[in-house]
Each structure stands twice: as structure tokens, then as C-alpha cells.
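The values are calculated or read from the model by the stated rules, or taken from the named source; none is laboratory data. It should be emphasised that the depicted structure is a prediction, and the values quoted were computed from it without experimental measurement. Using ideal geometry, Cβ is built from the backbone for each residue, glycine included, and neighbour counts are taken over all protein chains shown. Please note that ligands, DNA and RNA were not included when accessible areas were found on the heavy atoms of the full protein model with its side chains. Shrake-Rupley method; radii C 1.70, N 1.55, O 1.52, S 1.80 Å.
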Amino acid sequence: MAQIPEKLQETIDNLALFPDRASRIELLMATADSFKPVPEEVAKRPFKEERRVKGCESEAFVFPVQREDGRLDFHFAVENPQGISAMAMARILQDSCSGAPLEQVIAVPQDIVYKIFGEELSMGKNMGLTNMVFMVQNEARKQQAGETGSEQ
Amino acid sequence: MSDIKSRGYAHPGVLVSTQWVADHLDDTGVRIVESNEDPLLYPSGHIPGAVEVDWTRDLNDQVCRDYLQQEDFEELMSRIGVTPDTTIVFYGDKNNWWACYAFWVFQLFGHKKCKVMDGGRIKWEKEDRPMTRDVEKYPPTDYRAPERDDATHRAFRDQVMEHIDDDGPLVDVRSPEEYSGERLHMPDYPNEGALRGGHIPGAKNIPWARAVDPESGTFKNADQLREIYEKEQGLRSGDNVIAYCRIGERSSHTWFVLTFLLGYPRVRNYDGSWTEWGNLVGVPIEK
């Protein structure tokens, strides 16, 4: 079974060092603060509906861009200014999955959101964030199958 | 007359405006409580002086599917520096969905002085009112709560069964797709744990968010609410109503609307909701 992207594992390991909720939230807040939305050269508003993460009330969008080596860079938009968790998740996925081997992106487990945010998440919030992961993985699968999903 | 008072609510004092909150930021008799779905929202910035009440950590029993007990509630109130005389103003994300949920749980312990900030967090933010990341610490209080009263505002499955037998009105506040059984979950969301799709027999489908003006996030006025709940769906002002959703959070918003804005004499929230009813052996459903 493929490993998950190295940087994602590092993030999970780092978060595991902060088992108390307050410290974890502080770390995730800092991550959300560092979120940079998709640059205009990659995608302009209005974004295509096909790039929208289903079920994400933070109105997140995912934009894959193919690299020369065939791997993908991932950019995100989070249109709801209250979507702080979505911004944190977007930043983590952008940092860890961009340029990672596609099979490692596909191998990210479904419970990754709980590993990052802890189990005190509502079902709805968990599903929205998990759908962000699914969308990234679907783009990696399409890329692996030769069906480019790159935004340009 | 203030905007809220002019809307014709049965109990207009239960709602306060963002301006009222702004005017009471330094009022020691007022505690502002933020309650959200997103755990990062409060730390990202909140109304100055506001404390956070987290629905999973603070309001739920950590082992049993139930709400906190008397002792835990007293501890929570002490932690947020509240006395029985403190006016608590709830606000939060998603049109005060979670704020109303917290409000409802506080009613199980009889804290009477509770209000909701109309328009919630989004309205405060849109008005460019002050936000801070500083977390205010209040001196702990010695709060004594009564035992939790489940009889007044909460319904259990056997009571729902009796309610069906009595042809009592039920309000299903989930999406039309969940109500019809077309989906076992909210649109675009994976299955959230019910084996069967549909609704409790006889329930009317009135999605919770219809009570809110989508532009401003504030509650609709009493006439608009009566149009939805009474003229359209046939509820009557003296009705004994049970509301439910998936786990009782969305329906606490509707409980708030029917109880305080329209003044229904008895409204209970069936928090077991569809995750219980949709999985129960031997109970009827409709599609």
C-alpha cells in the first residue's frame, strides 16, 4: 500500500504532539492564517462549478495544475470568509499534496480530517472537509488515468 | 419602536440586535456566548468579551448519547463566569443554528435570562463591528442549577410515538430530500447513519432555514413566519408541537422560532431525531 505524502505525515505527526484541544486549534489557526487563495493566473472568478467541493458550506474550490513531471500542484479558493477550517485544510492539502507522487495522494485515508482536527467535529463539517480531500484524490486519479483535470 | 419589537413576535425580548450587544459589551450583567459548528471560528476572532460554548465538548455527555448533567452545567456556568442573574446572549455561525442549540440546552437547566443576537455572527462581521482573538477569563462563580428538566422542552421516542397516536403535529426541519426519503443525508453529504429514509408519520416538512431571511441572516417577522408554519403547513398557534431533524440541532432553531417568536405554548425538540427513528426496530415511517 502506498504511503501518504511525506509532508502530510509530518503535519499529522506535528499535530499529535499537541494532544490538548487549545494547542491544536492554535496550530490550525496559524495554518488557516497562512492560506493563500488561488492566484489569478490559475483561475479567475467566477470559478467553474466543476471545481467546487460538493457539500462544503465554506464554498471551497480545488484547482489542479499539471507539473512537467506529471504530478499535480493544487490550489484552492475558500469563498466563505467564515470557512476557517476549510482554509486550514486547504493550506495543509496544498502544502502536502502538491508535487507528491499521485499514488500517495490517492492513498490518503478517509479519516484524515479527524486526525487533523480531532474528533470534536460535527458530521457536516467533517463531510465538507473530507470532500475536499476526495476532490484532490479524484484529480490525482484522473491524472494517473491520463484524463487531465488541470485548470488553466 | 425597535426593529425587533416591530416584527410582531410573541416574546420579542428574547432577541437582541447587534447594536444592543455593541452597547452592552462592558455590561457586567451580560455574558456573550458564541457557539459554532466550526471549532476554528471563535479562535479566529469573536465579539470582545465573548466566551465560547462548544456543542460537542461543553453541551454533550462525553460517553452517553445525552446532554450534560446538572453538575457539569454548574461547572460550565462557573467557568464562563455566569450567575443566575446574568443575561446570556448567544450568537454563532450558520444563522444562529448552533446558538439556538446551546440556548435550548441552557433551557433544560432553567436559565431564564437567555437571548439570541439576531443575525448571528455574520451580521456582526458584515457591519464591521469589533472582533478580537483575546479570550477573556472571568472569575469563576458558584452557580447552582436545578436538575435537568427534560419534560418541558425535550421529547423522547416513546413520547413521539404517543404524539403520533394522538395525531399531534410534528415538524421535520430537514431538507425535502431527507424528508421524502430520497436521501438518507443532507444533499451532497454521505450517509450520516440512518438505515431507512423518510420521515416520522404525519410530520410536516418545514426546513429550519426558512425562518431566516437569507440576505440579512435575521429572523423573518411574525407574519412571514405564520405564513410558513400556519397558512402553508397548517400548524395552529395553540398546538403542542414536536420538532426534529437528524440529531436535534437544526430542530432547536425551529423550537426557538415556534416557542419564542410565535409563542406556541408547548414545543419540544426530539433530539433523538432521525438518527434514532430511522434506525429504530419496529417503528413506522412514511416516505
Looking at the range A:95-107, which of its residues are surrounded by fewer than 19 Cβ atoms within 10 Å (Cβ to Cβ) and not in a helix (DSSP H, G or I)?
A:G99, A:P101, A:A107
Go through the range B:55-82 and count every residue that is more than 22 Å from B:L25 (Cβ to Cβ) and either open to solvent by 40 Å² or more (accessible area, probe 1.4 Å) or part of a loop (DSSP other than H, G, I, E, B) (or both).
13
List every residue pair whose Cβ atoms lie under 7 Å apart, where the two residues are 6 or more positions apart in sequence or sit on different chains, the first residue falls within the range B:127-155 and is within 18 Å of B:E249 (Cα to Cα) and outside any loop (DSSP other than H, G, I, E, B), and the second residue, located anywhere, is of a type in the set (A, V, I, L, M) and at pLDDT 95 or above.
B:D150/B:L108; B:H153/B:L108; B:R154/B:L108
Scanning the range B:142-182 for residues that are under 28 Å from B:E74 (Cα atoms) and among the acidic types (D, E) gives B:D142, B:E147, B:D149, B:D150
Counted residues, the range B:209-238 - those being surrounded by fewer than 19 Cβ atoms within 10 Å (Cβ to Cβ) and more than 18 Å from B:G119 (Cβ to Cβ):
12
Can you tell me which of (1) away from chain A (no Cβ under 14 Å); (2) β-branched (V, I, T); (3) assigned to a helix (DSSP H, G or I) is the one B:I122 doesn't meet?
(1)
Could you check, for the range A:65-85, whether at least one of its residues is open to solvent by less than 10 Å² (accessible area, probe 1.4 Å), assigned to a loop (DSSP other than H, G, I, E, B) and in contact (Cβ under 8 Å) with a residue 24 or more places away in the chain?
yes
Would you mention how many residues in the range B:45-54 are surrounded by 22 or more Cβ atoms within 10 Å (Cβ to Cβ) and farther than 17 Å from B:T141 by Cα?
2
Go through the range A:108-151 and give me each residue that's open to solvent by less than 20 Å² (accessible area, probe 1.4 Å), of a type in the set (A, V, I, L, M, F, W, C) and not in a helix (DSSP H, G or I).
A:V108, A:L121
Residue list for the range A:1-32, restricted to those being in a loop (DSSP other than H, G, I, E, B), under 20 Å from A:E119 (Cβ atoms) and open to solvent by 60 Å² or more (accessible area, probe 1.4 Å)
A:L17, A:F18, A:P19, A:D20
Name the residue that is nearest to the other protein chains (Cβ to nearest Cβ), counting only residues in the range A:36-57 that are open to solvent by less than 30 Å² (accessible area, probe 1.4 Å) and assigned to a loop (DSSP other than H, G, I, E, B).
A:G55
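Is it true that A:Q94 is among the polar types (S, T, N, Q), out of contact with any Pro (no Cβ under 9 Å at 6 or more places or on another chain) and more than 14 Å from chain B (Cβ to nearest Cβ)?
Spelling it out, A:Q94 is indeed among the polar types (S, T, N, Q), out of contact with any Pro (no Cβ under 9 Å at 6 or more places or on another chain) and more than 14 Å from chain B (Cβ to nearest Cβ).
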Could you grab me the full set of residues in the range B:220-262 that are of a type in the set (S, T, Y) and outside any helix (DSSP H, G or I)?
B:S237, B:Y244
